[in-house]
1. Name the residues in the stretch 123-146 that are surrounded by 13 or more Cβ atoms within 10 Å (Cβ to Cβ) and without any contact (Cβ under 8 Å) to a residue 12 or more places away in the chain, would you?
2. Is there any pair linking a residue in the stretch 65-81 that is closer than 7 Å to residue 91 by Cβ to one that is at pLDDT 90 or above and part of a loop (DSSP other than H, G, I, E, B), with Cβ under 6 Å and at least six apart or on different chains, and which?
3. Of all residues in the stretch 225-254, which are without any contact (Cβ under 8 Å) to a residue 40 or more places away in the chain and in contact with a strand residue (DSSP E or B) (Cβ under 7 Å, 6 or more places away or on another chain)?
4. Would you point out the residue of the stretch 206-231, among those that are surrounded by fewer than 15 Cβ atoms within 10 Å (Cβ to Cβ) and not in a loop (DSSP other than H, G, I, E, B), that is modelled with the highest pLDDT?
5. Looking only at the stretch 313-354, how many residues end up being under 23 Å from residue 45 (Cα atoms), free of Cβ contacts under 8 Å to residues at least 24 places away in the same chain and either outside the structural domain of residue 368 (by TED's automatic domain parsing) or in a strand (DSSP E or B) (or both)?
6. Is it the case that some residue within the stretch 375-387 is under 38 Å from the mean Cα position of the chain (by Cα), outside the structural domain of residue 252 (by TED's automatic domain parsing) and modelled with pLDDT under 90?
7. From the list 94, 76, which one is under 30 Å from residue 62 (Cα atoms), modelled with pLDDT under 85 and part of a loop (DSSP other than H, G, I, E, B)?
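The values are calculated or read from the model by the stated rules, or taken from the named source; none is laboratory data. No experiment lies behind these values; they were computed from the predicted model shown. Positions of Cβ are backbone-derived with ideal geometry, glycine not excepted, and every protein chain shown enters the neighbour counts.
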């Protein structure tokens, strides 16, 4: 029994010895780790964030009528260039019966007042002429003559006022009936003219449409939309996670989906102080004025979709390395890299980093462009079925 236990122990020791020797042999035949290196390069780094939006005119002017009626004729179409004062459309007035009757009754009342004033004037004129003869003969005093003259002048002034009122009443009747009057000349309410120079972006009405005048209680019907297409802006939105990184004055690079081969420059000049909830995310409106816009070669249509790259930081002609080469001290959290000083021998170099775009990073100090930096996190090749790499 004792002999059997001894044999078992010896066999166990032998198995363990063989296993240990095999493990040591396997470790010895493994290929040593050979670290690759990369050199810094000179280049530029741009840190940016992207906002989506569209291209719109900086200012749009809505042309509205000063009188209600029906569109009689339209003289322009979308895409035309107009100048301030150019005729856009003409409105035919459909008179309101109640207003027309009121204007007509007003004329009759003013005519009555004119006739009354005329009779009073003729009476005072007769009195004045008699008093004048008596004064010249010395029959009446100067005070009595002055009183007659004053009454005559007042009657004459009253008649003139009533005549002016009759003219105004007739003009008001013409305006109610036709929308214009002979005394208005080129400023007739029925003629809708451009208030600014620019391009006609839209004509939302057609001949025969009814339009409403702009007044204190109604915005009125828009007959045309005008804008200066040489002054365009980017209008978009950024997420709340990005709005803290941007500020007014930052440069923008605008790319338009319909014009893929061109990039337009702009300046960020507006960030909304209040966000808007859209599908559970808070969005902030931004605006950027596009500059050096040459519409003779490239026509940017209002409303085109666009993306704006907001340049947060930019470093040109600087020493850059891949951000994956940088390591951080676990205690101080300061960045460093490992530089080759011999055959697979590396030493630590503390570095000062600058602008990063998430892939490359600017190195301000610590290494030179001739240094070979260790790729410390390189992937090892996967082992094949027969154990080879």
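1. 134, 135, 140
2. Here the result reads 71/205; 71/207; 71/209, each pair linking the stretch 65-81 to a residue that is at pLDDT 90 or above and part of a loop (DSSP other than H, G, I, E, B).
3. Narrowing the stretch 225-254 to residues without any contact (Cβ under 8 Å) to a residue 40 or more places away in the chain: 241, 244, 247-249.
Hits for the stretch 225-254 are 248, 249.
4. 210
5. Applying the first criterion (under 23 Å from residue 45 (Cα atoms)) to the stretch 313-354 yields 313-328, 334-339, 349-354.
Still in the running and free of Cβ contacts under 8 Å to residues at least 24 places away in the same chain: 328, 334-335, 349-350, 352.
If we keep only those that are either outside the structural domain of residue 368 (by TED's automatic domain parsing) or in a strand (DSSP E or B) (or both) as well, we get 328, 335, 349-350, 352.
Residues flagged as under 23 Å from residue 45 (Cα atoms), free of Cβ contacts under 8 Å to residues at least 24 places away in the same chain and either outside the structural domain of residue 368 (by TED's automatic domain parsing) or in a strand (DSSP E or B) (or both) within the stretch 313-354 amount to 5.
6. no
7. 94
Residue by residue, here is whether (1) outside any loop (DSSP other than H, G, I, E, B); (2) at pLDDT 90 or above; (3) assigned by TED's automatic domain parsing to the domain that holds residue 358; (4) crowded, with 19+ Cβ neighbours inside 10 Å holds:
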position	(1), (2), (3), (4)
241	yes, no, no, no
260	yes, no, no, no
274	no, yes, no, no
288	yes, yes, no, yes
296	no, no, no, no
309	yes, no, no, no
